[in-house]
1. Could you list all residues from the range A:54-69 that are surrounded by fewer than 18 Cβ atoms within 10 Å (Cβ to Cβ) and either modelled with pLDDT of 95 or more or under 14 Å from the mean Cα position of the chain (by Cα) (or both)?
2. It is to be established whether one or more residues within the range A:92-105 are touching a Cys at 6+ places or on another chain (Cβ under 7 Å) and under 21 Å from B:HIS41 (Cβ atoms).
3. When the range B:61-71 is examined, which residues are found to be open to solvent by less than 40 Å² (accessible area, probe 1.4 Å) and either within 10 Å of chain A (Cβ to nearest Cβ) or in a loop (DSSP other than H, G, I, E, B) (or both)?
4. Is one or more of the residues making up the range B:50-60 part of a strand (DSSP E or B), within 12 Å of chain A (Cβ to nearest Cβ), open to solvent by less than 40 Å² (accessible area, probe 1.4 Å) and without any contact (Cβ under 8 Å) to a residue 40 or more places away in the chain?
5. Check whether at least one residue in the range B:32-49 is of a type in the set (Val, Ile, Thr) and either crowded, with 20+ Cβ neighbours inside 10 Å or touching a Cys at 6+ places or on another chain (Cβ under 9 Å) (or both), and report yes or no.
6. Does the range A:32-48 contain at least one residue that is assigned to a strand (DSSP E or B), open to solvent by 10 Å² or more (accessible area, probe 1.4 Å) and farther than 24 Å from B:VAL88 by Cβ?
7. Here are some residues: A:SER20, A:SER28, A:SER24. Which one is open to solvent by 30 Å² or more (accessible area, probe 1.4 Å) and assigned to a loop (DSSP other than H, G, I, E, B)?
8. Looking only at residues that are β-branched (Val, Ile, Thr) and either in a loop (DSSP other than H, G, I, E, B) or open to solvent by less than 10 Å² (accessible area, probe 1.4 Å) (or both) in the range B:72-110, which one is farthest from the other protein chains (Cβ to nearest Cβ)?
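The values are calculated or read from the model by the stated rules, or taken from the named source; none is laboratory data. What you are looking at is a predicted structure, and each value in this text was computed from that prediction instead of being measured. Please note: Cβ atoms are built from the backbone with ideal geometry, for glycine as well, and neighbour counts cover all protein chains shown. Quick note on the areas: whole protein, heavy atoms, side chains included, nothing else; ligands and nucleic acids left out. Shrake-Rupley method; radii C 1.70, N 1.55, O 1.52, S 1.80 Å.
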Amino acid sequence: EDQVTQSPEALRLQEGESSSLNCSYTVSGLRGLFWYRQDPGKGPEFLFTLYSAGEEKEKERLKATLTKKESFLHITAPKPEDSATYLCAVQKTTTPGSSNTGKLIFGQGTTLQVKP
Amino acid sequence: DAGITQSPRHKVTETGTPVTLRCHQTENHRYMYWYRQDPGHGLRLIHYSYGVKDTDKGEVSDGYSVSRSKTEDFLLTLESATSSQTSVYFCAISWDSFGEAFFGQGTRLTVV
């Protein structure tokens, strides 16, 4: 069964305290792994796409990495404005004879709180 | 924000009534999706569209129907609302089937 698991569920950090969020996945074939940020009452905001093991993407204090079984979102020297829920999602490869719908399988998210 | 507008943003409705949620995009993206987000379940796909009048079911489609008569509009209908359909509903769009999806602001639906 296809599954995406994020850990921890919640993370509290002091401002400047670096850490990592984990996304482990079990799918029959990975086409892409996506990271989103979601603020309370808002829709998910796209951050990164990773397509192959060893790939890394960076944006400000965030860096996403990918292995064959999991992805990490590293947060370096976080600030209070980084507080949000971070969502991981995977997109599967297509099977012969079927079309790729683009649909995403989401994990349940990690809620990050950064205290000043 | 990507040009995605969901309406209404909030709605309270009674059990057994039909409800239609609207997603409107100005990006001319081919793919459109409806997800629901619930505590403990994350985001789950309800229905999606890969073109005008081309739609298909997602993993939690029971009790929902969709229509797409124009590129820019994707409607989600709850045929007879139940309390289990109380949720936050998100519309998403993507240019193609393997790129990133962009999400709307969501509709909070409460069925009483």
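1. Our first condition is that a residue be surrounded by fewer than 18 Cβ atoms within 10 Å (Cβ to Cβ); within the range A:54-69, this holds for A:54-61, A:63, A:67-69.
A:GLY54, A:GLU55, A:GLU56, A:LYS57, A:GLU58, A:LYS59, A:GLU60, A:ARG61, A:LYS63, A:THR67, A:LYS69, listed by residue number.
2. So in the range A:92-105, the residues touching a Cys at 6+ places or on another chain (Cβ under 7 Å) come out as none.
No, the range A:92-105 contains no residue that is touching a Cys at 6+ places or on another chain (Cβ under 7 Å) and under 21 Å from B:HIS41 (Cβ atoms).
3. B:SER61, B:GLY63 - these are the residues of the range B:61-71 that are open to solvent by less than 40 Å² (accessible area, probe 1.4 Å) and either within 10 Å of chain A (Cβ to nearest Cβ) or in a loop (DSSP other than H, G, I, E, B) (or both).
4. Our first condition is that a residue be part of a strand (DSSP E or B); within the range B:50-60, this holds for B:50-51, B:54-57.
If we keep only those that are within 12 Å of chain A (Cβ to nearest Cβ) too, we end up with B:50-51, B:54-57.
Subsequent filtering for residues that are open to solvent by less than 40 Å² (accessible area, probe 1.4 Å) retains B:51.
Now drop any that are not without any contact (Cβ under 8 Å) to a residue 40 or more places away in the chain, which leaves B:51.
Yes, there is a match, as at least one residue in the range B:50-60 is part of a strand (DSSP E or B), within 12 Å of chain A (Cβ to nearest Cβ), open to solvent by less than 40 Å² (accessible area, probe 1.4 Å) and without any contact (Cβ under 8 Å) to a residue 40 or more places away in the chain.
5. So in the range B:32-49, the residues of a type in the set (Val, Ile, Thr) come out as B:46.
Cutting the leftovers down to either crowded, with 20+ Cβ neighbours inside 10 Å or touching a Cys at 6+ places or on another chain (Cβ under 9 Å) (or both) gives us B:46.
Yes, some residue in the range B:32-49 is of a type in the set (Val, Ile, Thr) and either crowded, with 20+ Cβ neighbours inside 10 Å or touching a Cys at 6+ places or on another chain (Cβ under 9 Å) (or both).
6. no
7. Details: A:SER20 fails: assigned to a loop (DSSP other than H, G, I, E, B); A:SER24 fails: assigned to a loop (DSSP other than H, G, I, E, B).
Sole residue among the options that is open to solvent by 30 Å² or more (accessible area, probe 1.4 Å) and assigned to a loop (DSSP other than H, G, I, E, B): A:SER28.
8. Step one: of the range B:72-110, the residues β-branched (Val, Ile, Thr) are B:77, B:82, B:86, B:88, B:93, B:107, B:110.
Filter once more, so that each one left must be either in a loop (DSSP other than H, G, I, E, B) or open to solvent by less than 10 Å² (accessible area, probe 1.4 Å) (or both): B:82, B:86, B:93, B:107.
Numbers: B:THR82: 23, B:THR86: 16, B:ILE93: 10, B:THR107: 10 Å.
Filtering first and then ranking leaves B:THR82.
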